[in-house]
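The values are calculated or read from the model by the stated rules, or taken from the named source; none is laboratory data. From a predicted model like this one, the values you see are computed outputs, not experimental measurements. When we count neighbours, we look across all protein chains shown, and the Cβ atoms used for this are built from the backbone with ideal geometry, even at glycine.
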Amino acid sequence: MNFRDVYDEHFRFVWRSLRRLGVRESDVSDAAQDVFLVVHRKLAEFEARSKVTTWLYGICMRVAQDRRKSAYERRKSNDENEPISQRADETFHAGKSAERRQGLAILDALMDEMPVEQRAVFTLFELEQHTSDEIAELCAIPLGTVFSRLRLARQTFEAGLGRLHAKDRFRVAGGTA
């Protein structure tokens, strides 16, 4: 197995995984490059005791965690108190594409409330439609941990959705949320 084959065969998987692990769309290219730099550096050490996708997913999780941590530090140092969900979407366009983007932004905001470990399990199960056994293998965690993280992620998601609905009801009722 050589680097070019891994890159060509798994680039879309890495891209999708990073995006769903919370890496902003504008940062996914750089994050994917970070993943493949690690792959290039460590490929000779890969012993194929697991699937390549399992190994890649682990790298994606670490890169996504690092990016979230550094983004948090940047926001903290820049005193950006305004939540991302409150900022104007500069790419807003009328029609279905705008609705889709808005829906994805809401999904991202809800998933941003989850720790990356829960987000990974939630994404793999709910969005990628992997089985619990596959998730356990991809994330290299016990099956019970998959169930626990999925339960916690669903609770976080439902709570965020409840807050969003409450905010909408308040606005409709004439308040300003």
Could you list all residues from region 1-31 that are among the hydrophobic types (A, V, I, L, M, F, W, C) and within 21 Å of GLN118 (Cα to Cα)? PHE13, VAL14, TRP15, LEU18, LEU21, VAL23, VAL28, ALA31
Residue count for region 127-143, restricted to those that are closer than 14 Å to GLU117 by Cβ and part of a helix (DSSP H, G or I): 4
Selection from region 15-36 of residues that are at pLDDT 95 or above and either out of contact with any helix residue (DSSP H, G or I) (no Cβ under 9 Å at 6 or more places or on another chain) or β-branched (Val, Ile, Thr) (or both): GLN33, VAL35
Unique residue being among the hydroxyl-bearing types (Ser, Thr, Tyr), out of contact with any Gly (no Cβ under 7 Å at 6 or more places or on another chain) and at pLDDT 90 or above when the list is SER132, SER77: SER132
Tell me, which residue of region 1-54 that is under 20 Å from the mean Cα position of the chain (by Cα), hydroxyl-bearing (Ser, Thr, Tyr) and farther than 19 Å from ARG68 by Cα is surrounded by the most Cβ atoms within 10 Å (Cβ to Cβ)? THR53
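Yes/no matrix, rows are residues, columns are (1) surrounded by 14 or more Cβ atoms within 10 Å (Cβ to Cβ); (2) free of Cβ contacts under 8 Å to residues at least 40 places away in the same chain; (3) touching a helix residue (DSSP H, G or I) at 6+ places or on another chain (Cβ under 7 Å); (4) in the same structural domain as VAL23 (by TED's automatic domain parsing):
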| site | (1), (2), (3), (4) |
| --- | --- |
| GLN102 | no, yes, no, no |
| ARG119 | yes, no, yes, no |
| GLN129 | no, yes, no, no |
| GLU134 | yes, yes, no, no |
| ARG151 | no, yes, no, no |
| ARG169 | no, yes, no, no |
| VAL172 | no, yes, no, no |
